[in-house]
1. In the chain, what % of DSSP beta bridges are antiparallel (nearest 5)?
2. Quickly rank 397-410, 205-218, 476-489 as a protection proxy: mean count of other C-beta atoms within 10 Å, highest first.
3. Which whole-number percent is the relative contact order of segment 387-447 (Cα, under 8 Å, 6+ apart)?
4. What FRET efficiency do you get for residue 139 and residue 329 if R0 is 45 Å and r is their Cβ-Cβ distance, rounded to the nearest 0.05?
5. Measuring from centroid to centroid over Cα atoms, what is the spacing of segment 331-378 and segment 256-294 in Å?
6. Could you give the nm distance between label points at residue 252 and residue 156, where each point is 7 Å from its Cα heading toward the beta carbon?
7. Before anything else, pin down the relative contact order of the chain: Cα pairs under 8 Å, at least 6 apart, normalised by residue count, whole percent.
8. Find how much the distance from residue 283 to residue 33 grows on full extension, using 0.36 nm per residue of separation minus their present alpha carbon separation; answer in nm with one decimal.
Ligand code: SF4
């Protein structure tokens, strides 16, 4: 299918190399440390998708370099390409993207480099120029050709990678283009908010992966689905057929190819509860291969909810509790995603969140904890544009040292950028560590706190009580580091520690 031709002044053209920067905690470009091949890489689907669109638009031929799997510092032939494109998806990825940009521009002028993706396109022109001086800022909308864009598939792009890499991707968790857009507009959210959910050609993309897996003797694939709220079409005004059709496509691909799928996705509790009332829907969900749903639990900690829980589970009074009970009864794992430590949080509210966390883990024996200290201001969310933030010294510090964007990763402990007040920072981290420790003790945790980049010599990440629990957690992943870790040298050991902490998925 050929897409309609339109003026593409800002888009890369000719022979284009897409560079996917390394994982933020494995990026060695600035330190000169030995290259670390990412033990749990993911297929960079967004650049593949952009590459497929560029080729459909007749912009040229696209090739790829994945900094997760190959040492970028050894790549020097950038001048052989007409243009270099760097993908910057989450806010923390600005840090490795900056290092990648610095490396690439040793070989080609910045005018031949474009940066796109959620975090790059959310920067103001001035912010972008400060970080990536002379480069071109490309937005995803400049690639969007209405409904046509949603029918593009990535299989042929995958064939351009070395065979070893293809095997690595197919045996790791893949990303399945499912949908994008969410009708809600939470302040902290940097995704595509306040827009109708739009769907990709899930069946064809899945078939592309399955056929390639089958040819290599792989009979099961794991996927994370891109939808922001999987059951959003079950809410009032939604079109449920769009969801059920895709589930049927997934089942049909499995039957056609003989490749089994294991899938997980995120959902809001209210959407999930709305979906519970739809006859046959969860049969399709299970038949397609879904095993886990992640629920946002932030803001759910209310005294009413806690009272309900303390009375026992026969009077489940909230969407969250109903959704959890339903998931467990139906053989699905409910994951609890907490974002806590917003400016409004106090000891009292954090206590409630912790009580909810421990309560849910106890009441639902299959549920899994994922907790994230809030990052209130990230490029693309509404807080990022507020004058109080743009006028702050913290904002200026962040822009003056792009390594600090690593501190905006949701898995990072509260830090001097996300929580400039040291008392609030220590309070948030105390609860982050306490909840993580409780979940670790039950063996039910899937989110791992990383150590932020310090600004001051003594960044005051946590108090002595929290450090004791943190040390205990570190001992599970990195006993060799735990033996020398003290509250005063956390920041010094950041690099080796973060390399050993399992990556949040
Ligand atoms: S946090 Fe979830 S519900 Fe809120 S806007 Fe983002 S995707 Fe939508």
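Derivation of every value follows stated rules applied to the coordinates shown; laboratory data play no part. What you see is a predicted model, and the numbers here were worked out from it, not measured in a lab. Using ideal geometry, Cβ is built from the backbone for each residue, glycine included, and neighbour counts are taken over all protein chains shown.
1. Percentage antiparallel, nearest 5: 5.
2. 397-410, 205-218, 476-489
3. 21
4. 0.55
5. 23
6. Those two pseudo-labels are separated by 2.2 nm.
7. 11
8. 85.0 nm
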